[in-house]
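For reference, the structure discussed in these notes is given below.
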Amino acid sequence: MAGPPLARSDRPGRTLAGRRGRRVLAAGATATALACVPGAPATARPSAASPQVAAPRLVPEPSSVRTVPGVTFTLTRATRIVARPGSGTAGPYLAGILRRSTGYRLPLVAGGASRDVISLSLSGREKGEAYRLDVTRTAVRLEAGTAEGLFRGVQTLRQLLPPSVEAATVQRGPWTVPGVRVEDSPRFAWRGTMLDVARHFFTVRQVERYIDLAALYKINTLHLHLSDDQGWRIAINGWPRLATYGGSTEVGGGKGGYYTQADYTQIVRYAAARYVTVMPEIDGPGHTNAALASYARLNCDDKAPPLYTGTDVGFSSWCIGKPVTYQLLDDVLGQLARLTPGPYLHVGGDEAHSTTAADYATYIGRIGPIVTGHGKKMVGWNEIGAGRLPAGSVAQYWNTATGSESGTRTAREAVAQGAKVVMSPANRAYLDMKYDENTRLGQDWAGLVEVRDAYDWDPATLVDGVTEKDVLGVEAPLWSETLVTDDDIDYMAFPRLPAIAEIGWSPQAARTWSDFRVRLAAQGPRWSALAVNYYRSPQVPWPVSAS
Ligand code: TNX
């Protein structure tokens with residue numbers, strides 16, 4: 001698909017990642033002293049865990065990994081999964097993965113034996129998403145302060161098993177886990193990805209599949225871009241045509257689609273079972289053609305524009321002076337607030353090129369109280385900094401990392417109002433940018449984004465005036481103008497989504513490109529086992545069998 005060239009106000013030339021001098025820190029350099037581990041004494045990586053078992057290659061890199069040389073745990077037919085009270089979905093989720101590929105029964109029990117078990121338990125030692133994982137000869141012990149922490153730890157354990165553990169059918173073992181002690185917690189609270197279901201509609205099943213793939217890299221926020229010029233994707237009571245008409249097409253003229261409120265609830269539940277928070281976005285005042293086409297009275301001239309299936313941006317606007325605009329938004333955001341357990345509603349705010357600056361400020365001033373009135377916090381693209389933000393708001397920085405004066409200004413304005421920032425710089429974190437000139441899918445208005453470009457930056461130093469304390473986290477948006485199938489989604493998201501996930505999770509001091517590319521290479525066979533259509537970047541030393 002090739003749409004017309006995109007209209008962008010902020011379109012710098014191609015920016016390549018800075019090739020800074022590399023500091024190579026031994027992974028695990030932040031490790032704290034270890035308590036006694038049965039077996040041989042623990043040593044910092046890198047060291048071979050045993051002759052047959054390589055040192056773990058994990059993404060995202062944990063805060064601390066100690067291997068225990070000579071020690072391995074092997075899953076057998078007799079292994080049980082002990083999921084102690086309060087461990088949430090972590091046990092069943094792990095069992096579901098392991099049973100498929102090992103063919104073992106792996107009964108889930110609430111207590112009992114301490115040998116030949118994988119045990120998941122709550123402890124008072126860790127908080128939030130932090131966890132501790134101990135692999136000894138006789139057991140795998142995972143501890144966290146919350147079920148969410150256990151779930152994050154389960155993702156680490158998956159990566160310690162052979163790649164074929166991810167297969168959907170029974171594979172041959174042995175199912176060996178290297179002896180390790182991992183102590184881990186995230187750098188940032190927000191590690192998100194966005195799926196644009198407006199430019200092309202994706203089914204509930206497709207969204208669920210994406211959630212599972214993201215969860216493997218400890219992503220905890222799914223931003224759903226539910227409305228845009230090309231489609232409105234959520235049924236709203238009292239405004240049926242938004243979905244039935246506004247949702248009836250997509251880029252390229254396909255049939256589009258929409259989620260019923262039951263579908264949306266299903267996605268929210270599916271995500272919640274993976275400790276992923278859904279954040280819905282209703283974009284405005286621009287990116288509103290699908291809604292304006294659905295109801296003539298939403299337009300200043302009372303005329304409904306035609307549906308739109310191209311890829312231009314910046315041509316539509318809510319009618320800022322009409323009360324019906326805010327009646328609609330109150331209904332939409334009120335219904336989404338009730339359907340969404342997470343704390344945030346995203347109100348868009350980007351690329352409002354057909355709204356005057358004064359109208360834009362009026363709009364932000366009106367929508368903020370609507371969001372907070374429904375008990376939620378407001379999130380918007382960085383432009384919202386130009387308006388008045390309610391307490392607790394979040395600005396999502398999407399402009400390019402350098403060369404965007406308006407991006408820097410609005411991000412600073414947001415911070416000056418007390419807002420936090422989520423970093424999604426387009427020339428680093430946009431999953432829809434082409435990798436190189438030959439990438440069939442995607443766009444290049446923000447530059448070409450190879451894996452190293454996606455990885456090699458620090459959210460705390462990217463925008464002048466936005467520092468670590470202002471940053472809530474990172475998010476990788478996947479815009480879908482050119483994406484139709486699961487294979488398309490996979491190709492653009494992998495391997496860049498894991499790169500952004502690591503930026504959000506791992507300590508900055510423990511991250512180097514030279515180490516990451518090797519750990520990333522080890523994910524290739526896992527993606528093959530998961531039938532993920534990933535991009536074989538020439539920057540990554542993939543194992544021969546994976547290419
Ligand atoms: C910019 S970034 C957009 C989207 C497009 C995307 C394509 C932002 C907040 N808006 O409308 O889909 O570029 O890369």
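Coordinate-derived values only; no laboratory data. Only a predicted model underlies this, so the values are computations on that prediction, with no experimental measurement involved. Positions of Cβ are generated from backbone atoms using ideal geometry, with glycine treated the same way; all protein chains shown enter the neighbour counts.
Just a few scattered comments:
- For VAL180, residues with placed amide H under 5 Å, excluding near neighbours: VAL68, VAL135
- Zone of ARG205's modelled label, taken as backbone nitrogen in the stretch 515-547 under 18 Å from a point 7 Å along Cα→Cβ: 530-533
- Mean residue ellipticity, 222 nm, helices only, the chain: the sum of -39500 (n - 2.57) across DSSP H runs of n ≥ 4, divided by residue count and rounded to 500, is -8000 deg cm²/dmol.
- Positive-end residue of GLY284, SER185, LEU226, charge dipole of the stretch 166-321 with Cβ unit charges: SER185
- Taken along the Cα-to-beta-carbon direction at a fixed 7 Å, the label points for ASP212 and ARG105 span 2.5 nm.
- Full extension of the chain between ALA273 and SER406 gives 44.0 nm of extra length, using 0.36 nm per residue less the Cα-Cα distance.
- Fewest-first sequence of ARG77, ARG132, ARG158, ARG100 by Cβ atoms within 10 Å of each Cβ: ARG77, ARG100, ARG158, ARG132
- Zone residues, the stretch 141-183, relative to ARG77, backbone N less than 18 Å from point 7 Å out along Cα-to-Cβ: 170-176
- Neighbour-count ranking [beta-carbon atoms within 10 angstrom, fewest first] of THR244, THR400, THR146: THR244, THR146, THR400
- The stretch 272-300 and the stretch 93-146 have Cα centres separated by 41 Å.
- Fewest neighbouring Cβ atoms within 10 Å first, the residues ASP453, ASP330 line up as ASP330, ASP453.
- Straight-distance candidates among the lysines for linking to LYS322, with alpha-carbon spacing under 22 Å and chain neighbours fewer than 8 residues away dropped: LYS303.
- Note on the chain: Cα-Cα pairs beyond 37 Å make up 30% of the total pair count.
- Amide H to amide H, with H built 1.01 Å from N, ASP432 comes under 5 Å of TRP479, counting only residues 5 or more places away or on other chains.
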